[in-house]
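S.K.: Could you have a look at this structure, given as structure tokens, before my questions?
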Amino acid sequence: MEATLRRYTEIPYVIDLLQTRELTLVNPKAWDDRNDSFYIEQYARAAGVSSTYALCLAEAPETYHHWRVFSHGSGGACITFDKSKIIKYATKHHGVRAESVQYCTISDLRGEPPQTEELPFLKRYAYADEKEFRLFYGAKSKGEPIYRIPIPLSAIDRITLSPWLPRAVAIHVKSTLKSINGCSNLRISRSTLVENETWKEFAGNGI
């Protein structure tokens, strides 16, 4: 089985990816984890970088945690990428790094303080269940609020719609996404994580 990376996001960003064939990296300044964004700010100061951009992906298989935290609500979606392809196309751009995030405790860092180059890929151990893989780019000059990286549709393994999206609505969302030029053969389905008929059938055994 090939390694994959998951991007939990929302339908508008799925449409943007399918229409532009580009990954979108954003400024980490507004991230909820202020420790994480602070480390990136410190990296920028130390490395002489004026603009930073990142895209967070998950190396973990589908989990309730990822849906609830990163794509909660009926408008959520998960884009599953081929890991080798996303690394290949991302790192074609000079300066773009594609690496797994390392999770450390305060005690770990007391014993061995991080080097400047490690800062964009370090998070506290409490976040370890995320199993994050990150694309990161630091620009020497002030740039646009986002940084785009071209990537072919062949790098997409599948698109999964939110488990909270009503089935009747999911049919039309799937049809709309497939109507985008070049997307008719994409694998698109609705997640059954919170309600799976096959799983339910096992409850009848022995009754």
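S.K.: Grab the beta carbon distance between Lys200 and Thr176, set R0 = 30 Å, and tell me the FRET efficiency rounded to 0.05.
M.R.: E(calc), rounded to 0.05, equals 0.55.
S.K.: Sequence-distant or interchain residues sharing an amide H contact under 5 Å with Ser51, placed H: which?
M.R.: For Ser51, whose amide H was placed from the backbone, the distant partners under 5 Å are Ala139, Ser141.
S.K.: Next question. Assigning unit charges at the beta carbon (Lys, Arg +1; Asp, Glu -1) and nothing else, what dipole magnitude in debye, to the nearest 20, does the stretch 1-119 show about its Cα centre?
M.R.: 280
S.K.: Among 115-124, 50-59, what's the highest-first ranking by average C-beta atoms within 10 angstrom per residue?
M.R.: Result, highest mean first: 50-59, 115-124.
S.K.: How large is the helix-only mean residue ellipticity at 222 nm for the chain, computed as the sum of -39500 (n - 2.57) over DSSP H runs with n ≥ 4, divided by its residue count, in deg cm²/dmol to the nearest 500?
M.R.: -8500 deg cm²/dmol
S.K.: Could you go through the stretch 77-92 in sequence order and give the Karplus-derived ³J(HN,Hα) for each residue, using 6.51 cos²θ - 1.76 cosθ + 1.60 with θ = phi - 60°, rounded to whole Hz, and x for Gly and Pro?
M.R.: Residue by residue, the stretch 77-92 yields 7, 10, 9, 9, 10, 6, 4, 5, 6, 5, 5, 4, 7, 5, 7, 5 Hz.
S.K.: In the chain, what percent of the accessible surface is made up of carbon and sulfur (1.4 Å probe, ligands and nucleic acids excluded)?
M.R.: 53
S.K.: Still on this structure: Could you give me the ³J(HN,Hα) list for the stretch 115-125, computed from phi with Karplus coefficients 6.51, -1.76, 1.60 and θ = phi - 60°, whole Hz, x at Gly and Pro?
M.R.: 7, 3, 5, 7, 4, x, 10, 10, 9, 5, 4
S.K.: Place +1 on the Cβ of every Lys and Arg and -1 on the Cβ of every Asp and Glu in the stretch 4-204, take the dipole about the Cα centre, and give the residue among Ala128, Gln102, Asn185 whose Cα lies farthest towards its positive end.
M.R.: Asn185
S.K.: Checking the table Lys83/Lys131; Lys85/Lys178; Lys29/Lys123; Lys92/Lys123 against a 24 Å threshold on Cα-Cα, which pairs fail?
M.R.: In this structure, Lys92/Lys123 exceed 24 Å between Cα atoms.
S.K.: While we're here: Take Lys88 and Tyr125, extend 7 Å from each Cα along the Cα→Cβ direction, and tell me the distance between the two endpoints in nm.
M.R.: 3.8
S.K.: Considering the dipole of the chain built from charges on the beta carbon (Lys and Arg +1, Asp and Glu -1) around the Cα centre, which of Asn27, Thr176, Gly204 is farthest to its positive end?
M.R.: Farthest towards the positive pole: Thr176.
S.K.: Still on this structure: Could you state the accessible area per residue of the chain in Å², with a 1.4 Å probe and every protein chain left in place?
M.R.: On a per-residue basis, the chain sits at 57 Å².
S.K.: Right, another one. With each pseudo-label sitting 7 Å past Cα toward Cβ, what's the Ala60-Thr105 distance in nm, one decimal?
M.R.: About 1.9 nm, to one decimal.
S.K.: Give the Debye-formula value of log10 I(q)/I(0) at each listed q (0.20, 0.25 Å⁻¹), with one equal scatterer per alpha carbon of the stretch 112-195, two decimals each.
M.R.: Results for the stretch 112-195 at q = 0.20, 0.25 Å⁻¹ read -1.04, -1.19.
S.K.: Where the only charges are on Cβ atoms (+1 Lys, Arg; -1 Asp, Glu), what is the dipole of the stretch 4-204 about its Cα centre, to the nearest 20 debye?
M.R.: 580
S.K.: Here's a follow-up. In nm, give the distance between the simple-model label positions of Ser141 and Glu117, each being 7 Å from the Cα along the Cα-to-Cβ direction.
M.R.: 2.6
S.K.: Mean projection of the alpha-carbon convex hull of the stretch 70-148 over all orientations, in nm²?
M.R.: For the stretch 70-148, the mean projected area of the Cα convex hull comes to 7.4 nm².
S.K.: Please grab the % of Cα pairs in the stretch 4-204 that end up more than 24 Å from each other.
M.R.: The answer is 45 percent, as a whole percent.
The values are calculated or read from the model by the stated rules, or taken from the named source; none is laboratory data. These numbers come from a predicted model, not from an experiment. Here Cβ is always computed from backbone atoms with ideal geometry, including for glycine, and neighbour counts include all displayed protein chains. Heads up: the accessible areas ignore ligands, DNA and RNA and are worked out on the full protein's heavy atoms, side chains in. Shrake-Rupley method; radii C 1.70, N 1.55, O 1.52, S 1.80 Å.
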